[in-house]
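Derivation of every value follows stated rules applied to the coordinates shown; laboratory data play no part. Everything numeric in this text was worked out from a predicted model, so none of it was measured. Glycine also receives a Cβ, built like all others from the backbone with ideal geometry; neighbour counts cover every protein chain displayed.
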Amino acid sequence: MKHISLLLAALLFGCSDKTETKAAAKPLKALPGLSEVPLAKTRLSVQEAYEAIPHRRTRADVEDEGLDPRDELYLKLVFSAIDESVALRVSTQIDFIDGDTDGNGYFEAQDRISEFLEELAPPPKLVGYHGMVLAAISDQRAFFAEWRDAGAGFTHKRNVGTHAKVQSASGKLRSAYGTLIKEYPPLSSQNKEAYFDYHCALDFI
């Protein structure tokens with residue numbers, strides 16, 4: 001009976017002396033080229049948007065960071081997508097303040113950028129960072145959607161920083177920046193400024 005019981009246990013739960021093997025890590029999905037980042041096509045260029053905030057604009061030179069080529073390309077893609085989102089955010093805010101709250105151009109363009117980002121496979125260390133950037137953009141989109149729906153009755157027109165979605169997006173961008181510089185600390189003073197500028201310029205606050 002004891003022998004039969006042990007046999008049944010082995011069949012049901014597996015033999016205890018089997019060697020466990022870990023599944024091989026799946027290779028990360030190939031990244032697109034920089035030319036595939038969706039363009040904002042707004043009233044303001046990226047440079048004009050930074051000037052309108054106004055905010056310093058420093059371009060990152062990630063090739064100087066000694067990163068893995070794939071990680072380097074990932075950062076280039078994300079920073080480019082953030083820049084396009086800055087142009088969208090600033091242009092749309094100006095339009096909405098001026099009373100043009102249709103917003104169709106913003107929503108269509110921002111959705112294309114978000115979909116592009118969602119398809120990117122970030123480096124393992126930046127999975128959390130990637131999610132926070134996407135979530136921040138989603139919060140900003142929700143803010144503009146509420147403004148569009150309220151029209152002239154929107155109460156946060158001149159004090160956007162008090163809106164819950166704006167505050168939420170700001171917190172996520174700050175956390176994303178903190179994660180980025182922790183996991184990929186910039187080596188040059190130029191990149192230290194650039195990493196900060198991208199995330200701060202996208203932030204309403």
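Of Arg89, Arg43, Arg112, Arg59, which residue is farther than 30 Å from Phe154 by Cβ and either not β-branched (Val, Ile, Thr) or not in a helix (DSSP H, G or I) (or both)?
The unique qualifying residue is Arg59.
Filter the stretch 135-185 down to the residues that are closer than 26 Å to Glu115 by Cβ, of a type in the set (D, E, K, R) and free of Cβ contacts under 8 Å to residues at least 24 places away in the same chain and list them by number.
Scanning the stretch 135-185 gives Glu146, Asp149.
Can you tell me which condition Pro186 does not meet? The list is (1) within 23 Å of Thr42 (Cα to Cα); (2) not in a helix (DSSP H, G or I), and all the others hold.
With (1) within 23 Å of Thr42 (Cα to Cα); (2) not in a helix (DSSP H, G or I) applied to Pro186, the lone miss is (1).
How many residues does the stretch 62-86 contain that are assigned to a loop (DSSP other than H, G, I, E, B) and under 17 Å from Ala194 (Cα atoms)?
2
I'm checking my understanding of the structure. Among residues of the stretch 158-202 that are β-branched (Val, Ile, Thr) and out of contact with any Gly (no Cβ under 7 Å at 6 or more places or on another chain), which one is surrounded by the fewest Cβ atoms within 10 Å (Cβ to Cβ)?
So, considering only residues that are β-branched (Val, Ile, Thr) and out of contact with any Gly (no Cβ under 7 Å at 6 or more places or on another chain), the one surrounded by the fewest Cβ atoms within 10 Å (Cβ to Cβ) is Thr162.
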